[in-house]
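One structure is given below, encoded as structure tokens.
The values are calculated or read from the model by the stated rules, or taken from the named source; none is laboratory data. This structure is a prediction, so every number in the text was calculated from the model and none was measured. Every residue, glycine among them, receives a Cβ derived from its backbone with ideal geometry; neighbour counts consider all protein chains shown. When the accessible area is computed, the model is the full protein with side chains, heavy atoms only, and any ligands, DNA or RNA have been set aside. Shrake-Rupley method; radii C 1.70, N 1.55, O 1.52, S 1.80 Å.
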Amino acid sequence: MTRDEIESVVRKFYADRTTNDLDRTFETWADNASLDYAGCSSASPFPCHIEGLPAVREACAQVLKTWPWKKGDIQSLIIDGNKAAVHYRLTTGFSPTGEELETDVVDLITLKNGKIVGYVEFVDTAKVVQLANAAAA
């Protein structure tokens, strides 16, 4: 894939993700894709590793219910070979409380044959835990 092709796939994914439409979001993903939410699993229930598109879609369906995206702006996009690093500013809602959150997120994406095969997201897990604990109280 060329740099322009990779950038096109990545930008399409983020544009589709902002619609909160699960089918549209996964048009750019491969059947054998993996998803990692980075972080410390002893401090947050959020970090995990998921393999295979059906399992990834199911996990993301739950995330979409709890954290619908309102706005996502790519701040920077770095492409190296078949990998992309994306820094974006996200505005999302937290469904259990209705609270809105603006935060920075970094994703590392691996592509193969025009599809996303690996996705690692680095998010503010401390804020996620804080909101979840407040909702449970």
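Computed quantities for the displayed model
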| read-out | value |
| --- | --- |
| Out of 75, 130, sole residue that is farther than 18 Å from residue 9 by Cβ and part of a helix (DSSP H, G or I) | 130 |
| Condition check for residue 2: modelled with pLDDT of 95 or more and at negative phi | no |
| Qualifying residues in segment 83-127 (those that are outside any strand (DSSP E or B) and either in contact with a Phe, Trp or Tyr (Cβ under 9 Å, 6 or more places away or on another chain) or open to solvent by less than 40 Å² (accessible area, probe 1.4 Å) (or both)) - the one farthest from residue 7 (Cα to Cα) | 95 |
| Hits in segment 61-82 (condition: among the polar types (S, T, N, Q) and under 20 Å from residue 4 (Cα atoms)) | 75, 76, 82 |
| Near pairs, Cβ below 7 angstrom, 6+ apart or cross-chain, from segment 10-26 (closer than 11 Å to residue 72 by Cα and open to solvent by 10 Å² or more (accessible area, probe 1.4 Å)) to any residue that is part of a helix (DSSP H, G or I) and at pLDDT below 95 | 17/25 |
| Test: residue in segment 97-113 that is small (Gly, Ala, Ser) and without any contact (Cβ under 8 Å) to a residue 12 or more places away in the chain | yes |
| Filter result for residue 30 (in contact with a Phe, Trp or Tyr (Cβ under 7 Å, 6 or more places away or on another chain), touching a residue at least 60 places away in the same chain (Cβ under 8 Å) and open to solvent by less than 30 Å² (accessible area, probe 1.4 Å)) | no |
| Residue that is least open to solvent (accessible area, probe 1.4 Å) [pool: residues in segment 45-76 that are of a type in the set (A, V, I, L, M, F, W, C), within 15 Å of residue 31 (Cα to Cα) and without any contact (Cβ under 8 Å) to a residue 24 or more places away in the chain] | 50 |
